[in-house]
Amino acid sequence: MRTIEKTGGSSQYQIPEKMRAAVLFGPGDLRIVERPVPVPGPQNVLIKVAACAICGTDLKITSHPFPGQPPFGEFIPGHEYVGTVVSVGDTVTEFTPGDRVAVEAHKGCMRCENCIKGDYTSCLNYGNVEMGHHASGFTVPGGFAEYVVHHINAVYKIPDSISFEEATMVTTTGTPLYGLDVAGGFIAGESIAVIGPGPIGLMTTAIVRGLAADPVILVGTNEPRMKLGAEFGATDLVRAKGQDAVNQVRELTGGLGVDLAIDCAGGPGTLDDALRMTKLGGRILLLAFYKESVTADISHAVRSDITIFTTRGEGRSACRRGLSMMKQGLIPAKKMITHEFKLEDIMEGFATFRERRGNAIKVLVKP
Ligand SMILES: [Zn+2]
Ligand SMILES: [Zn+2]
């Protein structure tokens, strides 16, 4: 048992030697087992996990091994976690025990050309733990556990007014905010179409509305999620796909199309839909992983002077800006969280999320 004094206070954190963690033993075989509590390195903090959200990526990586994944029997997934700092590494002055924190998964190697430029989500040493790249819950142990260590570069203090549950949504805010950053942002009053009312689409809707886009047109067909889209700030709901959706978006924008179309769906035809609902000279931002190769009329983009942007993950400290928008009351993060499970029931949580039981959107696991 290690005992840590909280700086400037009388409270102490009793840190046990062992913890419960969800460890992957094979494809789809996640078991709750005992593991040693990790010890933070010089630039790390040890976080007592309060909650960890299940992400679509978790479903993929726990069913299909990916290159760089820790071996079966060692791998603890989970990358959308929040908690309390209970101990800090030797050189850490940025955090003290007792701080409530949220994280982003990626920590760049900070030695390659891209990391030096700040583009750490495209770290040239991606997946190479020895070289200093860490992707928490992907290449190093993550947050489906009682404790986790993470590098201070990717840890953010949670403002007092934001609950742990809401703060688990910070990664989901980071994806659209980073994408918008790379796409050059937009000016208040510009028109935006968001395709796909999943977690990223709903969050994108709230963010662009919070930043005063007008209109904000949400395109999708899942009715419960579309309803929620209105609560997330969509000014118009287009319940259609394909050419129907394109026609309706064009109608809503006086026949011109939107200034910016954001594809959060990644369907077989959604890139082409995005192209056709965008104004001449407009922009497209792709925030989805496409299940397979897709076809789209790229000549239409060239003829129409449309620029296409893509981003991966959060990047450029976008999570910090997401927390700020939450603090300002611009993101109704709580409405996205539909279910909570204990760590012991994580497999039920995964099934609930995968099968969208009870209209599941975001599902939390609490150790
Ligand atoms: Zn995620
Ligand atoms: Zn790097």
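The values are calculated or read from the model by the stated rules, or taken from the named source; none is laboratory data. Please read these numbers as outputs of a predicted model, since none were measured by experiment. Please note: Cβ atoms are built from the backbone with ideal geometry, for glycine as well, and neighbour counts cover all protein chains shown.
Residues are listed down the side, and each one gets a yes or a no for (1) buried (at least 24 other Cβ atoms within 10 Å of the Cβ); (2) more than 15 Å from T270 (Cα to Cα); (3) without any contact (Cβ under 8 Å) to a residue 40 or more places away in the chain:
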{"residue": "V170", "(1), (2), (3)": "yes, yes, no"}
{"residue": "G174", "(1), (2), (3)": "yes, yes, no"}
{"residue": "V182", "(1), (2), (3)": "no, yes, no"}
{"residue": "G189", "(1), (2), (3)": "no, yes, yes"}
{"residue": "L218", "(1), (2), (3)": "yes, no, yes"}
{"residue": "R225", "(1), (2), (3)": "no, yes, no"}
{"residue": "Q248", "(1), (2), (3)": "no, no, yes"}
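Criterion first (more than 16 Å from ligand 2 (Cβ to nearest atom) and either at pLDDT below 95 or crowded, with 17+ Cβ neighbours inside 10 Å (or both)) does A154 satisfy it? When the stated conditions are applied, A154 does not pass them. Checked against the criterion of being more than 23 Å from the chain's Cα centre (by Cα) and either crowded, with 16+ Cβ neighbours inside 10 Å or of a type in the set (D, E, K, R) (or both), the candidates G282, G349 yield just one match: G282.
In region 81-98, the count of residues that are modelled with pLDDT of 95 or more, within 16 Å of ligand 1 (Cβ to nearest atom), buried (at least 24 other Cβ atoms within 10 Å of the Cβ) and not aliphatic (A, V, I, L, M) is one or more. Looking only at residues of region 250-279 that are within 19 Å of T221 (Cβ to Cβ) and in contact with a His (Cβ under 9 Å, 6 or more places away or on another chain), we find that the one that is surrounded by the most Cβ atoms within 10 Å (Cβ to Cβ) is R276.
From the list E146, E130, the one residue that fits, being away from ligand 1 (no atom under 14 Å from the Cβ) and in contact with a Lys or Arg (Cβ under 8 Å, 6 or more places away or on another chain), is E146. Residues considered: A135, A102. Of these, the only one that is surrounded by 19 or more Cβ atoms within 10 Å (Cβ to Cβ) and either among the β-branched types (V, I, T) or more than 16 Å from ligand 2 (Cβ to nearest atom) (or both) is A102.
The condition (being farther than 16 Å from G201 by Cα and without any contact (Cβ under 8 Å) to a residue 40 or more places away in the chain) is satisfied by just one residue among A318, A301: A301.
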